[in-house]
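A short write-up of the structure that comes next.
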Amino acid sequence: MGIKFYKSQEFPLEMHKVRTIQKLNLLPIDERLKAIKKAGNNTFLLESNEVFLDMLTDSGVNAMSDKQVAAMMMADDSYAGSESYKRLESKVKEFFHMDYFLPAHQGRACEHILSKVFIKPGNIVINNYHFTTAKAHMEINGGQVLELFNKDAVEPKSENPFKGDLDLDKLQAVIKSEKSNIAFVRMELGTNLIGGQPVSLKNLQEVAKICRKNNLLVVFDASLLTDNLYFIKEREKEFQHLSIKEINKLVFACADIVYCSFRKLSSARGGGIVTRNKDLYIKLRELIPLYEGFLTYGGMSVREIEAITVGLDEALDYEMINQGPQFIAEMCRMFQENNVPVITPPGGLGCHLDARAFLSHLKPEEYQAGALCSAIYLASGIRGMERGTISESRKEDGSETFANIELVRLALPRRVFTLSQIRYAVDRISWLYDNRHLIGGLKFSEEPKVLRFFLGKLEENQLWQEKLVNKFKVDFGDSL
Ligand SMILES: *Cc1c(COP(=O)(O)O)cnc(C)c1O
């Protein structure tokens, strides 16, 4: 598939046109320095008008289609029994091939409810890899997160096309020793924190087989599903002849419960839990009106509900979902051309820089990914997200939990950025790589106890930021 070019090597091509735009603001570097210091070197605390290209996340910020926006104009704003909700419910059942749906306001709300219902203190929850909010909810409910990732998962450079696969031998071993203590098995499709790496359909089928035999509940986090579907089609020979829709059906045949952030999966703001099991549905249902809202909106706006319904159809359209991974792959290729260390193979969600290799002169306790995020903002006005040690929490004795893999994520929200904007990012960050010796570390000045990466503040642990700014001015002159 894909389009061939006459003169140049292949590059990704936008299969949509832009009809609404938002003007961007690129601050001069001196103002960027002030802004990042004020934000405590935490890109979550920057104001949006201080950011040029916002590559923080894909949560709730994908570009919507004309059909989604049109659907939002006709929504039924009823507290109970809304027509908009009925449309969503029937689309969700068709999409996941499951009969029972519970709405929630976003992905982490589902994690809250599932953890509260299924985890008893002391339980183990098996994960192919954890996610920040999922882990926090599991632990608050007394659970212990056990990650059974395969040997390639946290290798920055790898040829393994499915780094998100669960290690089946480890799964069998844990079932043998801990079976009665396992709350559920959570599979994240694909894995956010190791670089948007997918899970193979074969692995999902094996996990399901083992869990069914042992009466264990299988829960899928389908927030990043669309990239994963694309990778199954592109990388898993056995299933290449199937359509995205057919692959999707086989994927969900492997789960008992699925939850997701519709902020990502369907490019509109919401979340939900789906199951094929009526008893499980009834157990979970009680908590929806208590924490989220009545059963026919679950905290979502009816307009968003209409957009999600349309977004779910688009999530199975190959030409819509191939855009993200193709642009990410191109961005990784351009970085590699300039020797900038990136996670390979390219995954979904965004392009991930290997901060441990990028800033190998810094120690893990100097927060390499946090420092790199701050330096990237200084050099480019681009906002990435730290996905390393700052995104972990301290152990009970106060010592650090060093992340398995120390990443800066440059998220590419779907259909938002053009190839020239991506080239700008690669250009500035490649300059930064050649000047990496100027980048120093960070230390906390304000450190919240829970999910510290959201609101924590840090400062430079030696004076390096002004030196970096000065070098930028020497090399780029008056340029922003
Ligand atoms: C973003 C994300 C969530 C949380 O979703 P929100 O809607 O942002 O709360 C959960 N799991 C994964 C894999 C995610 O990427």
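Structure notes:
- At most 13 other Cβ within 10 Å, DSSP loop - chymotrypsin sites (Phe, Trp or Tyr not before Pro), region 1-105: Phe5, Tyr6, Tyr79
- When a 1.4 Å probe is rolled over the protein heavy atoms, the share of accessible surface on region 106-212 that falls to carbon and sulfur comes to 51 percent.
- Modelled FRET efficiency - R0 30 Å, Glu319 with Gln144, Cβ distances, 0.05 increments: 0.10
- Separation of alpha-carbon centers, region 93-144 and region 166-184, rounded to whole Å: 18 Å
- Relative contact order (%) - the chain, alpha-carbon pairs under 8 angstrom, separation at least six: 22 percent
- Remark: C-alpha extents of region 71-142 on the principal axes read 46, 25, 19 Å, sorted largest to smallest.
- Neighbour-limited loop hits for chymotrypsin sites (Phe, Trp or Tyr not before Pro), region 136-198 (at most 11 other Cβ within 10 Å; DSSP other than H, G, I, E, B): none
- Percentage relative contact order, region 395-466, counting C-alpha pairs under 8 Å, at least six apart: 22 percent
- Student exercise, the chain dipole from Lys, Arg, Asp, Glu Cβ charges, in Debye to nearest 20: 380 debye
- By the Stokes-Einstein formula, at 1.002 mPa s and 20 °C, region 1-91 with its Kirkwood radius over alpha-carbon pairs has D equal to 119 µm²/s.
- Each residue of region 466-474 was assigned a 3J(HN,Hα) from its phi angle through the Karplus expression (A = 6.51, B = -1.76, C = 1.60, θ = phi - 60°), giving 5, 5, 5, 4, 5, 5, 4, 5, 5 Hz with x at Gly and Pro.
- Peptides 125-137, 221-233, 284-296 ordered by average Cβ neighbours within 10 Å, highest first: 221-233, 125-137, 284-296
- Given +1 at the Cβ of Lys and Arg, -1 at the Cβ of Asp and Glu and no other charges, the dipole of region 116-255 around its Cα centre is 460 debye to the nearest 20.
- Using Cβ point charges alone (K and R +1, D and E -1), the dipole size of region 184-239 about the Cα centre works out to roughly 280 debye.
- What separates the Cα centres of region 249-266 and region 338-401 is a distance of 29 Å.
- Ordering Val117, Gly195, Gly324 by the projection of their Cα atoms onto the charge dipole of the chain, which places +1 on the Cβ of Lys and Arg and -1 on the Cβ of Asp and Glu, puts Val117 at the extreme positive end.
- Rolling a 1.4 Å probe across the protein heavy atoms gives region 307-431 an accessible surface of 29 Å² per residue.
- Using the alpha-carbon positions of region 250-338, Rg (one decimal) and Dmax (whole number) come out as 17.2, 55 Å.
- Of all accessible heavy-atom area on region 389-453, the percent that carbon and sulfur account for (1.4 Å): 48 percent
- Paired Rg and Dmax values of region 387-451, which use every Cα atom, in angstrom: 16.1, 47
- Each of Ile282 and Asp66 was given a label point 7 Å from its Cα along the Cα-to-Cβ line. The distance between the two points is 4.8 nm.
- Residues of type lysines that Lys37 reaches as a straight line, Cα spacing below 22 Å, ignoring anything fewer than 8 places off in the same chain: Lys363, Lys443, Lys449, Lys457, Lys467, Lys471, Lys473
- Shape call, region 304-375: gyration tensor on alpha carbons, a/c limit 1.5: oblate
- Taken over the alpha carbons of the chain as equal point scatterers, the Debye sum produces base-10 log I(q)/I(0) values at 0.06, 0.08, 0.13 Å⁻¹ of -0.26, -0.47, -1.28.
- Diagonalising the gyration tensor over the Cα atoms of region 153-262 and scaling each eigenvalue by 5 before taking the square root yields semi-axes of 22, 16, 13 Å, largest first.
- Crossing angle, helix 323-337 versus the chain [Cα axis fit, 0-90 degrees, rounded to tens]: 30 degrees
- Counted over the chain, the DSSP beta bridges are approximately 60% antiparallel.
- Projecting the Cα atoms of Ser445, Tyr433, Pro413 onto the charge dipole of region 381-449, computed from C-beta unit charges around the Cα centre, puts Pro413 farthest toward the positive end.
- Qualifying trypsin sites (Lys or Arg not before Pro) in region 139-191, where qualification requires a DSSP coil assignment and no more than 10 other C-beta atoms within 10 Å, comprise Lys151.
- Put simply, the amide H of Leu53, placed in the peptide plane, has neighbours under 5 Å in Ile382, Arg383, leaving out anything fewer than 5 places away on its chain.
- Entry comment: accessible area of region 113-230 is 35 Å² per residue, from protein heavy atoms only and a probe of 1.4 Å.
- Degrees between helix 201-213 axis and first principal axis of the chain (Cα, 0 to 90, nearest 10): 40 degrees
- Expressed per residue, the C-alpha convex hull volume of region 361-480 stands at 122 Å³.
- For region 177-231, convex hull of alpha carbons as volume per residue, Å³: 88 Å³
- Summary value for region 1-85: 18 percent relative contact order, contacts being C-alpha pairs under 8 angstrom separated by 6+ residues.
- Rounded to 10°, Cα long-axis angle of helix 302-314 versus longest principal axis of the chain: 90 degrees
The values are calculated or read from the model by the stated rules, or taken from the named source; none is laboratory data. All of these numbers come straight from a predicted model, not from anything done at the bench. Because the Cβ atoms are built from the backbone with ideal geometry, glycine has one as well, and the counts that use them run over all protein chains shown. Side chains included, ligands, DNA and RNA excluded: accessible areas come from the protein's heavy atoms. Shrake-Rupley method; radii C 1.70, N 1.55, O 1.52, S 1.80 Å.
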